[in-house]
Amino acid sequence: MKGVYTWGAILVIVFASVVGDVLLARAMKQVGDVGALRRRVGLPAVVRRTLGNPNFLFGVIAMAVAFFSLLFALSWGDVSLVAPAAASLTFIGNAVAAKIFLHERVDRRRWIAASLVAAGVALLAG
Amino acid sequence: MNFRKYLVLAGVTVFAAAGDSMLSHGMKQTGSISLNHLQGVIFAILNPWVAIGILLLLAFFSTYMTALSWADLTYVLPATSLGYVLLALVARFLLHEHVSPLRWLGIALITGGVGFIAGGPELTEHPKAAELDDQRAVAATSSPLLSKDAGSRAPNGVRS
């Protein structure tokens, strides 16, 4: 039964961080190339534009949910399972979500990269 | 990708790894915080390691946002996963901790993954193409300044 709770927590963490990453990536694409923008309108305007973007705010909230659910899960779950499983599944989840929601071209090169990194992170964090 | 962009990606990697290590070092000094004694959080922030860790994580977040403004999520995430490798190398060579063969395999896999992504384009082309179309449309209708800009960019697009 504890296994079910642990995997449930892992899924919540992965879901929240994938939602957060996708929203933040979308927000920053809407803001535009920060380097070029800063040269044109100045840093304060770039910061205002970023903080005023609704996707950015929801992204930060999702990241906070992911962070606190990780803390919560680590306080009663098995650290050697929760940390690597969550980190590594987030890489795979992000690749799928970026393809579907951000229409990024996730070609074979990127699938291989995401899978290798996911496997490597699982081994390192474990 | 120019030098400045590689520098931003290196910033994401280093700030995340350094910030996490400082924070974890500081939190081990302050001890655990319970929900009943939330004032412990304030003491934790006063710890210099925790404070530096938070500053570094803020630097991480701003470089991460900068990278996402001109590169795909599926490019930035694998590219900056070298931070995990950095942490393992710091543990091995600065802190003289034992790194097991399985962890060395993990380091090799991540490095291989980063190698795969590094040769490819950092951005899916459609937003750029749309932007260029916008510029052409604007240039065709109005400002001479913008039309000059679009004119100088168009050959680049054709060449690549």
Checked against (1) loosely packed, with under 14 Cβ neighbours inside 10 Å; (2) farther than 29 Å from A:Ala119 by Cβ, A:Gly32 satisfies every condition except (1)
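Let's see how each residue does on (1) in contact with a Gly (Cβ under 9 Å, 6 or more places away or on another chain); (2) assigned to a helix (DSSP H, G or I); (3) buried (at least 21 other Cβ atoms within 10 Å of the Cβ); (4) more than 11 Å from chain A (Cβ to nearest Cβ):
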residue	(1), (2), (3), (4)
B:Leu9	no, yes, yes, yes
B:Leu23	yes, yes, no, yes
B:Gln29	no, yes, no, yes
B:Val41	no, yes, no, yes
B:Ile52	yes, yes, no, yes
B:Thr63	yes, yes, yes, no
B:Leu68	no, yes, yes, no
B:Glu97	no, no, no, yes
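Name the residue, out of B:Gly106, B:Gly115, that is buried (at least 19 other Cβ atoms within 10 Å of the Cβ), part of a helix (DSSP H, G or I) and of a type in the set (Gly, Ala, Ser).
Numbers: B:Gly115 fails: buried (at least 19 other Cβ atoms within 10 Å of the Cβ).
B:Gly106 is the lone residue from the list that is buried (at least 19 other Cβ atoms within 10 Å of the Cβ), part of a helix (DSSP H, G or I) and of a type in the set (Gly, Ala, Ser).
Just the residues that are over 24 Å from B:Glu125 (Cα atoms) and either part of a helix (DSSP H, G or I) or modelled with pLDDT of 95 or more (or both), please, taken from the range A:20-51. Full working, then the answer.
Within the range A:20-51, the first condition is being over 24 Å from B:Glu125 (Cα atoms), and the residues that meet it are A:41-45, A:47-48, A:51.
Selection gives A:Val41, A:Leu43, A:Pro44, A:Ala45, A:Val47, A:Arg48, A:Leu51.
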When A:Val60 is evaluated against the numbered criteria (1) at negative phi; (2) outside any helix (DSSP H, G or I), which criterion, by number, is the only one it fails?
(2)
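Table: residues versus (1) modelled with pLDDT of 85 or more; (2) in contact with a His (Cβ under 9 Å, 6 or more places away or on another chain); (3) farther than 24 Å from B:Leu89 by Cβ.
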{"position": "B:Tyr6", "(1), (2), (3)": "yes, no, no"}
{"position": "B:Leu9", "(1), (2), (3)": "yes, no, no"}
{"position": "B:Val12", "(1), (2), (3)": "yes, no, no"}
{"position": "B:Ala18", "(1), (2), (3)": "yes, no, no"}
{"position": "B:Gln29", "(1), (2), (3)": "no, no, no"}
{"position": "B:Ile33", "(1), (2), (3)": "no, no, yes"}
{"position": "B:Asn47", "(1), (2), (3)": "yes, no, yes"}
{"position": "B:Val50", "(1), (2), (3)": "yes, yes, no"}
{"position": "B:Phe60", "(1), (2), (3)": "yes, no, no"}
Subset of the range A:48-77 that is in contact with a Ser or Thr (Cβ under 9 Å, 6 or more places away or on another chain) and facing chain B (nearest Cβ under 10 Å) - its residue that is surrounded by the fewest Cβ atoms within 10 Å (Cβ to Cβ)
A:Met63
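The values are calculated or read from the model by the stated rules, or taken from the named source; none is laboratory data. Given the structure is predicted, the values throughout are model-derived calculations rather than measurements. Backbone-built Cβ (ideal geometry, glycine too); neighbour counts: all protein chains shown.
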